[in-house]
Amino acid sequence: MGRLMSDTAAWSRVSKMNNKKGSSAVFLTVILATLMALTLALIYGVKAQAVRSSMDAIISLAGDSVLSEYDRKLQEEYGLFLLKGDDEELTKKLHRYVSYSVDDMENVEIQSVKVSSSRYSVTGISMIRDQIIEHMRILKAEGLLRDNERNPEGTIGTNRSLNHGPTIVSLPSANLPSKGLTAVAESIADKLSEVDKAFEAGTEAYFINSYITEHFNSRGYMKSEDHFFCNEVEYILGGELSDRKNEKRVEMALKAMRFPINLAYLYSDAEKQAALASAAQLMTPGAAAAATQAALASTWAYAEADNDVELLWEGHSVPMVKDDSSWAIDLDSAIEGVFGGVIVPQEEKGYDYNEYLKILLFFQDENIKLARILDLIQINMRANYDGGFLISEYSSGVTVEVKANGRTYRHEKKY
C-alpha cells in the first residue's frame with residue numbers, strides 16, 4: 001500500500017514535469033511565430049521604405065535633369081537660367097527621365113507624371129529679379145564687374161526703330177503702365193540726399209542697375225553690335241521703340257533733373273544773384289525788375305543744363321550740385337543764347353554720362369526696369385537666334401509631381 005502511494009506520487013511528479021515542458025514548447029512556438037512575423041514585417045517595411053526613398057531620389061534627380069535643359073544662349077549672354085516649354089512638353093521630358101530609371105525596378109508602378117511651370121513663369125517678374133541679383137553677386141565676388149567703357153564719339157551705330165507688330169505686342173512691358181521719365185527726373189531735385197545710394201555697392205538696387213549698364217548698350221557704352229538697339233539703357237528708361245526717341249527722352253530727363261538743381265544754386269550764390277539783379281534793372285527798370293530777374297535766372301539755369309548734357313555726351317563729368325568752379329555758362333551767353341559749342345568749366349568733377357544713367361535708373365520704378373530688361377532680351381533673341389522667341393514661354397523652375405505605387409512624390413525645382 002505504501003509502495004503504491006509512492007509510485008502514484010512519482011507519476012504525478014513526472015506528469016507535472018511533462019506539462020511544463022509542453023507549455024514551454026507552446027510558448028516558445030508562439031514567441032518564434034511572433035518574431036518571424038515581426039521580422040517579415042520589418043523586411044517588408046524596410047523594402048517599402050527603400051523603394052520610397054529610391055523613388056523620391058529618382059524623381060528629384062529627374063526634376064534636376066529637366067532643369068538641365070536650360071537655354072544656353074540666354075545663360076551665356078544674360079547670365080540667366082531659363083527653361084523653355086509648356087507643361088505638356090515638360091511633363092513628357094520628366095516622364096522620360098523617370099521611366100528610364102524605374103524600368104528595371106521590380107514592384108514599381110508609375111500611375112501619373114505631372115509638371116507645372118506656372119509658379120515660376122518669367123512673367124512673374126520677381127523670379128527674374130532674384131536671378132539677376134544672384135548673377136551680379138557672383139560677378140562681383142569673382143571681380144568681374146567692370147567700369148563701362150566710354151564712347152566719346154557719341155551715339156553708337158545707326159538709329160534703329162522697332163516696327164514689327166507681333167514683336168511689339170508680345171513685349172513683356174506692353175501693358176505695363178509707367179510714370180513719365182521726365183517726371184521721375186524732376187523729382188530728383190527734392191531727393192538729392194538719396195543720390196549717393198545709387199552707388200552703394202552690394203544693395204539689390206545697385207545689382208539690378210549694374211546688370212542693366214553691364215549687359216546692354218547705351219549712348220556711351222557698347223556691349224554688343226549684335227543687339228538690336230544702340231541705346232538699350234535709354235530704352236529701359238524711356239520705353240520708346242527707336243534709338244533716337246529714347247535718346248531724346250533721356251536728354252529731356254537729364255535737363256529736367258539739372259534745371260531745378262542749377263536754379264537752386266543760382267539763388268544760393270550771392271555773386272550770381274547780384275549779376276541777375278543788375279541785368280534785370282537794365283532790361284526792365286522799376287517794379288518789373290523782380291519778374292525779369294526770375295525769368296533771367298530760369299534762362300541761365302536752363303542754358304547751363306543744356307550745356308551739362310552736351311558735356312556728358314562728350315565724356316565729361318558734371319557734379320550733381322555745382323559751385324563756382326564747375327559752373328560753365330556766363331549770364332551774357334545765356335541771354336544771347338550763343339555759346340559757340342560746348343563750354344567746359346574751369347574744374348571737371350562729378351558724375352559721367354553712365355553714372356547719370358544709373359541715377360535715373362535708381363529712381364525709375366523697379367517693375368518697369370525688369371519688364372524692359374525682358375523686352376530687350378526678347379528683341380535681341382528674336383533678331384539673332386529665333387524669330388519666334390517669346391520670353392513668356394520660359395520659366396525659372398518647375399513643380400514636379402509623380403504618383404507611384406499609390407504614393408505621391410512632389411518636388412519644387414528652381415534655378
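Test of understanding: among Glu69, Glu77, which residue is at pLDDT 95 or above, open to solvent by 50 Å² or more (accessible area, probe 1.4 Å) and farther than 30 Å from Ser112 by Cα? Talk me through it step by step, then tell me what you get.
On the way: Glu69 fails: farther than 30 Å from Ser112 by Cα.
The unique qualifying residue is Glu77.
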Output for segment 349-369, where each listed residue is in a helix (DSSP H, G or I), open to solvent by less than 30 Å² (accessible area, probe 1.4 Å) and closer than 19 Å to Ala201 by Cβ: Tyr356, Leu357, Ile359, Leu360, Leu361, Lys369
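Could you pull out the residue among Ile168, Ile188, Ile132, Ile138 that is out of contact with any strand residue (DSSP E or B) (no Cβ under 8 Å at 6 or more places or on another chain), at pLDDT 90 or above, open to solvent by less than 30 Å² (accessible area, probe 1.4 Å) and within 27 Å of Asp71 (Cα to Cα)?
Working: Ile168 fails: open to solvent by less than 30 Å² (accessible area, probe 1.4 Å); Ile188 fails: within 27 Å of Asp71 (Cα to Cα); Ile138 fails: open to solvent by less than 30 Å² (accessible area, probe 1.4 Å).
Just one listed residue meets the conditions, Ile132.
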Can you report the number of residues in segment 224-260 which are closer than 30 Å to Leu192 by Cβ and open to solvent by 10 Å² or more (accessible area, probe 1.4 Å)? 13
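Determine, yes or no, whether Ala274 is of a type in the set (A, V, I, L, M), touching a helix residue (DSSP H, G or I) at 6+ places or on another chain (Cβ under 9 Å), open to solvent by 10 Å² or more (accessible area, probe 1.4 Å) and assigned to a helix (DSSP H, G or I).
Values: of a type in the set (A, V, I, L, M): yes; touching a helix residue (DSSP H, G or I) at 6+ places or on another chain (Cβ under 9 Å): no; open to solvent by 10 Å² or more (accessible area, probe 1.4 Å): yes; assigned to a helix (DSSP H, G or I): yes.
When the stated conditions are applied, Ala274 does not pass them.
The values are calculated or read from the model by the stated rules, or taken from the named source; none is laboratory data. Note that the coordinates shown come from a computational prediction; the quantities given were computed from them, not determined experimentally. All Cβ positions, glycine included, derive from the backbone under ideal geometry; neighbour counts span all protein chains shown. SASA here: full protein model, heavy atoms, side chains in, ligands and nucleic acids out. Shrake-Rupley method; radii C 1.70, N 1.55, O 1.52, S 1.80 Å.
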